[in-house]
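Below is one structure; the comments refer to it alone.
The values are calculated or read from the model by the stated rules, or taken from the named source; none is laboratory data. These numbers were taken from a predicted model, which means no experiment stands behind them. Cβ coordinates were reconstructed from backbone atoms using ideal geometry, including for glycine residues, and neighbour counts include every protein chain displayed.
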């Protein structure tokens, strides 16, 4: 199934807290890449020792269940939240975060990745602004138990079953978090799902707000509540996730720019560097060398 690889770099957040970007991943098989969503890893550990001095950019999606103990979760979108036994933390690829037991806890996790991951997670209605799902740990434990025996297998059936079980985990978490909703919220969520398929570089906020029967101010506020980002930042994050996958697959830079909604390849390269801390050319070369 390939070796794990890790690329790290240090930068400074606006609040001066250091961040390291961790892109540790299991290279997907050709079938998994064609499917667009794969399990990267599962695991469990007891940990403690207080708050880490840095925030982490995971570079992938994860569901982390707190099975014993309690602690703290922190991120720019969610602020500081108390976490207790049986809660689940949802981690997003480009949201800096840190979490830790006070003093110790036991966690279990499932990590997934791929170009379809952002779309599916968005459809599920999950947001960096609301990363803690209360008392949802049994869903992660069930997914872990079903996926763990399959992780060493490279056959087609196992790859399909891993993807199916991640989707099952997301379905279980959606059911757990279901609540009464206003029609305008449904309209906004439908629009967010549409944005995951967008290739047009333009983002006409007044028209989008009107389509949800909201003022521009209401639209921006509710959009941020739903996604933890502004509309432009949300769309940029989706496009960068797609760009990373295309570059790793060896797609030429000009075609990557066009397929992610950037008519100007130099504009794409600037945005990629700002979003990832690495030039698109260096990212493509490094991933082709390790493929």
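Among the residues making up the stretch 92-119, those that are modelled with pLDDT under 90 and within 20 Å of residue 51 (Cβ to Cβ) are 102, 103, 104. For the stretch 26-56, the tally of residues that are at pLDDT 90 or above and in a strand (DSSP E or B) stands at 10. Consider the stretch 125-139 and keep the residues that are part of a helix (DSSP H, G or I) and out of contact with any helix residue (DSSP H, G or I) (no Cβ under 7 Å at 6 or more places or on another chain). The one that is surrounded by the fewest Cβ atoms within 10 Å (Cβ to Cβ) is 138. Residue-level analysis places residue 261 outside the set of residues that are at pLDDT below 75 and on the phi > 0 side of the Ramachandran plot. Just to be sure I understand the filter: pairs with C-beta atoms under 8 Å, separated by 6 or more residues or on different chains, first member in the stretch 280-291 and farther than 14 Å from residue 242 by Cα, second member at pLDDT 85 or above and part of a helix (DSSP H, G or I). Which pairs pass? From the stretch 280-291, the pairs are 281/253; 281/269; 287/247; 287/248; 288/248; 291/248. Within the set 122, 85, the sole residue that is assigned by TED's automatic domain parsing to the domain that holds residue 26, modelled with pLDDT under 95 and in a loop (DSSP other than H, G, I, E, B) turns out to be 85. Taken together, 238, 247, 232 contain a single residue that is crowded, with 19+ Cβ neighbours inside 10 Å and either assigned by TED's automatic domain parsing to the domain that holds residue 125 or modelled with pLDDT under 85 (or both), which is 238.
All told, residue 98 falls short of being touching a residue at least 60 places away in the same chain (Cβ under 8 Å) and either surrounded by fewer than 20 Cβ atoms within 10 Å (Cβ to Cβ) or within 12 Å of the chain's Cα centre (by Cα) (or both).
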